[in-house]
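Notes for the one structure printed next.
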Amino acid sequence: METTSPVEKALRFLALALVIIFFMFPIVWIFLMSFQTNETILAIPPSVVFAPTLSNYVALITGKLTTAAGTLDIAFMRNLGNSVFLSVSSVAVALVLGVPAAYAFARHKFRGSEDIAFTLLSFRFAPPLLVLLPLTQYFQWLGLSNTYVGLIWVYQLICLPLILWIVRGYFEDISPDVEYAYRIAGHSWFATFRKIALPLAGPGIAAAGLLAFIFAWNNFVFALVLASADKQPVTVGALAFITSSGIQYGQIAAAIVLSVTPTLAIALYAQRYLVEGLSLGAVKG
């Protein structure tokens with residue numbers, strides 16, 4: 001039986017601590033910046049000792065940003081609500097469309113199925129700037145420019161391929177014999193899909209949905225071009241803090257903290273499903 005010496009344990013602990021500090025330092029620094037004024041943030045040398053203030057969060061919540069040029073109206077909370085609505089709606093639509101499609105690709109092999117699946121995945125590979133011009137023209141022709149429906153539709157380029165390919169792999173890892181036994185008992189295809197396949201692939205579906213939500217939440221280019229200020233998400237709304245009188249670093253830091261909080265809360269709540277889903281099928285017997 002191998003034993004670990006105290007020196008080796010100390011070195012491992014030190015290495016782990018350095019890695020955690022390296023990756024957590026930017027997050028902690030942004031969190032501290034959100035409680036500072038621009039003068040404190042830009043002070044040289046920087047210091048972790050300062051008089052905290054809630055003015056940055058008050059400006060975001062009230063929508064009144066005070067700068068050297070005067071008071072500006074900002075719509076950060078509306079942008080935050082837009083992000084929640086667009087991301088949740090996009091993932092919900094992608095799950096409704098993608099999960100049955102993933103099951104069909106996993107269980108029913110037909111001519112051209114791999115080509116169709118790869119074509120759907122290729123939408124995820126395409127750079128957003130490559131499709132923005134034709135999308136803008138199509139949206140103007142269809143009357144979908146500057147609409148929530150149009151944004152949710154275009155967000156399927158992000159969510160649907162991701163969910164389709166991830167969930168397909170989980171369905172393929174489930175033994176079809178369990179479903180065959182249930183079908184032999186006289187149950188329909190839809191009942192088998194709903195009562196057998198979906199529960200078994202539940203962790204994988206949750207993991208795919210969470211990843212799709214994060215990607216949709218972080219999208220910037222589509223909303224910047226295809227929507228106006230009243231329908232843009234928080235990623236685009238943060239541009240309001242770059243004003244003629246300078247960059248409002250404190251408000252930007254507070255905006256980052258508030259915008260990260262929903263995804264962090266969802267990730268912490270669903271971490272059990274995420275870990276189980278990402279590890280599902282890693283070991284095949």
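The values are calculated or read from the model by the stated rules, or taken from the named source; none is laboratory data. Nothing here was measured: the structure is a model prediction, and the numbers come from that model. FYI the Cβ positions are ideal-geometry reconstructions off the backbone, even for glycines, and counts take in every protein chain you see. Only protein heavy atoms, including side chains, enter the accessible area calculation; ligands, DNA and RNA are left aside. Shrake-Rupley method; radii C 1.70, N 1.55, O 1.52, S 1.80 Å.
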*asked:* Would you confirm, using the coordinates I've provided, whether Leu129 is touching a residue at least 60 places away in the same chain (Cβ under 8 Å) and open to solvent by 90 Å² or more (accessible area, probe 1.4 Å)?
replied: yes
*asked:* Take Leu97 and tell me if it is open to solvent by less than 40 Å² (accessible area, probe 1.4 Å) and either closer than 25 Å to Thr147 by Cα or under 18 Å from the mean Cα position of the chain (by Cα) (or both).
replied: no
*Report those helices (runs of 4 or more DSSP H) wholly inside the range 168-275 carrying at least 2 residues which are closer than 30 Å to Thr71 by Cα.*
221-226, 234-237, 249-269
*Can you tell me which residues in the range 48-83 are farther than 20 Å from Leu258 by Cα, modelled with pLDDT of 75 or more and open to solvent by less than 70 Å² (accessible area, probe 1.4 Å)?*
Phe50
*Near pairs, Cβ below 8 angstrom, 6+ apart or cross-chain, from the range 71-100 (without any contact (Cβ under 8 Å) to a residue 24 or more places away in the chain) to any residue that is assigned to a helix (DSSP H, G or I) and open to solvent by less than 30 Å² (accessible area, probe 1.4 Å)*: Met77/Leu60
*Only listed residue being within 28 Å of Ala238 (Cα to Cα), in contact (Cβ under 8 Å) with a residue 24 or more places away in the chain and surrounded by fewer than 19 Cβ atoms within 10 Å (Cβ to Cβ), chosen from Ile158, Ile214*: Ile214
*Name the residues in the range 179-222 that are touching a helix residue (DSSP H, G or I) at 6+ places or on another chain (Cβ under 7 Å) and over 16 Å from Ala94 (Cβ atoms), would you?*
Glu179, Tyr182, Arg183, Thr192, Phe193, Ile196, Ala197, Pro203, Phe220, Val221
